[in-house]
Ligand SMILES: *[C@@H]1O[C@H](CO)[C@@H](O)[C@H](O)[C@H]1NC(C)=O
Ligand SMILES: *[C@@H]1O[C@H](CO)[C@@H](O)[C@H](O)[C@H]1NC(C)=O
Ligand SMILES: *[C@@H]1O[C@H](CO)[C@@H](O)[C@H](O)[C@H]1NC(C)=O
Ligand SMILES: *[C@@H]1O[C@H](CO)[C@@H](O)[C@H](O)[C@H]1NC(C)=O
């Protein structure tokens, strides 16, 4: 069996060399066609991906991981991330343009958690994204939502992944952790077909090239450079039995305690791997508290968790959300920062 594989590999490495010149992929018009197709995909992805304004000339945030040794475990790194990443352009204007799909919704401010686009965030050095998907019935695709707010009417998960792949091509030293979560409360169906669409996307030929294929642990930076690592916050419980491939780590939503200050979520029993998570988004202070008291409460919980990350369990994953919301008397408050929530926090 092993011998067989070796032969296959040898064959594969020789045949492209001998046939390269004849490959249609080399034809200039084929290249032009590929570029046009990619442009089309990226244009459709624009509302979520946002513009790519390029790299800062003074700060080396675009490629900061280049300086970190290959053998560094990802769980030992301090990786800044953004909560509800795709909401960066959700304004009253965006909301008004989408009312025909969503019906009337509360103020757009409540849904918006970020101000920088995905591509700007990557250039800024953000390396963990929190993406929320749901079925977009009007297009029969996987779209992006924050609760009932559809964030873009035609952008698909495929489009956004291609945008991330293209960014990684330009920044091959960088590794990006992508948390993918099924967004509830959208009022759209969630069934086997939707899970298959996501599964097929990640397991496509191109998906296999850009997603770290290891399952059950995050591995090292070297293994993840130029790639996306999956933090799966939904389960593939409706897939047909033969779709068995799993990549990344599975953070079972059933064990992700709602509003937890200090969740311990075991994601790999055999290896004893646990994610320590602070996801305290709704303060338990009385509603009569002042905004600064709410913020101080959140600040205390977050800094306690970050402190623990520096003190304990150095080979475990810590995820700390610095974002929270308080809706008092119908008025929402969602603090926003350029890079609001560092989901993965581990001081190097
Ligand atoms: C951001 O939202 C505004 C208002 O809806 C819209 O005009 C603009 O095209 C959006 N930007 C992108 C990149 O989609
Ligand atoms: C779906 O696609 C159609 C045709 O491209 C478009 O007009 C519509 O706005 C899209 N979105 C939704 C949510 O139906
Ligand atoms: C936050 O922590 C500080 C210092 O320990 C404490 O004085 C303060 O009461 C705490 N605030 C809240 C809202 O828990
Ligand atoms: C910090 O670690 C201590 C000791 O393990 C634990 O009792 C406490 O709950 C942790 N706090 C947070 C906020 O994670």
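One residue stands out among those in segment 272-283 that are over 20 Å from the mean Cα position of the chain (by Cα) and within 20 Å of residue 300 (Cβ to Cβ): the one that is surrounded by the most Cβ atoms within 10 Å (Cβ to Cβ), which is 283.
Within segment 137-148, count every residue that is free of Cβ contacts under 8 Å to residues at least 60 places away in the same chain and crowded, with 24+ Cβ neighbours inside 10 Å. Even if it seems obvious, please write down each step before you answer.
Just the residues of segment 137-148 that are free of Cβ contacts under 8 Å to residues at least 60 places away in the same chain, to begin with: 137-143, 145, 147-148.
From the residues that got through so far, the ones that are crowded, with 24+ Cβ neighbours inside 10 Å too are 143, 145.
Final tally of qualifying residues: 2.
Residue by residue, here is whether (1) surrounded by fewer than 20 Cβ atoms within 10 Å (Cβ to Cβ); (2) at pLDDT 95 or above holds:
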| position | (1), (2) |
| --- | --- |
| 49 | no, yes |
| 57 | yes, no |
| 61 | yes, yes |
| 66 | yes, yes |
| 72 | yes, yes |
| 85 | no, no |
| 92 | yes, yes |
| 114 | no, no |
| 120 | yes, yes |
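Taking segment 155-175 as the search range and keeping residues that are in contact with a strand residue (DSSP E or B) (Cβ under 8 Å, 6 or more places away or on another chain) and part of a loop (DSSP other than H, G, I, E, B), which one is farthest from ligand 1 (Cβ to nearest atom)? Taking the candidates together, the pick is 156.
Every condition in (1) within 16 Å of ligand 2 (Cβ to nearest atom); (2) touching a residue at least 12 places away in the same chain (Cβ under 8 Å); (3) within 22 Å of the chain's Cα centre (by Cα); (4) under 25 Å from residue 196 (Cβ atoms) holds for residue 131 except the one numbered (1).
Each row is one residue, and each column tells you yes or no for (1) outside any strand (DSSP E or B); (2) surrounded by 13 or more Cβ atoms within 10 Å (Cβ to Cβ); (3) at pLDDT 95 or above.
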{"site": "264", "(1), (2), (3)": "no, yes, yes"}
{"site": "270", "(1), (2), (3)": "yes, no, yes"}
{"site": "285", "(1), (2), (3)": "yes, yes, no"}
{"site": "288", "(1), (2), (3)": "yes, no, no"}
{"site": "305", "(1), (2), (3)": "yes, yes, yes"}
{"site": "319", "(1), (2), (3)": "no, yes, yes"}
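The set of residues in segment 265-317 that are in contact (Cβ under 8 Å) with a residue 12 or more places away in the chain and at positive phi contains only 313.
May I ask you to list the residues in segment 71-98 that are outside any helix (DSSP H, G or I) and more than 22 Å from the chain's Cα centre (by Cα)?
71
For segment 290-303, the candidate set comprises residues that are under 27 Å from residue 106 (Cα atoms) and within 25 Å of the chain's Cα centre (by Cα); within that set, the residue that is surrounded by the most Cβ atoms within 10 Å (Cβ to Cβ) is 298. If you scan segment 201-235, which residues turn out to be assigned to a strand (DSSP E or B), within 16 Å of residue 245 (Cα to Cα) and more than 14 Å from the chain's Cα centre (by Cα)? 215, the sole residue that qualifies.
The values are calculated or read from the model by the stated rules, or taken from the named source; none is laboratory data. Only a predicted model underlies this, so the values are computations on that prediction, with no experimental measurement involved. We place every Cβ from the backbone using ideal geometry, glycine too, and count neighbours over all the protein chains shown.
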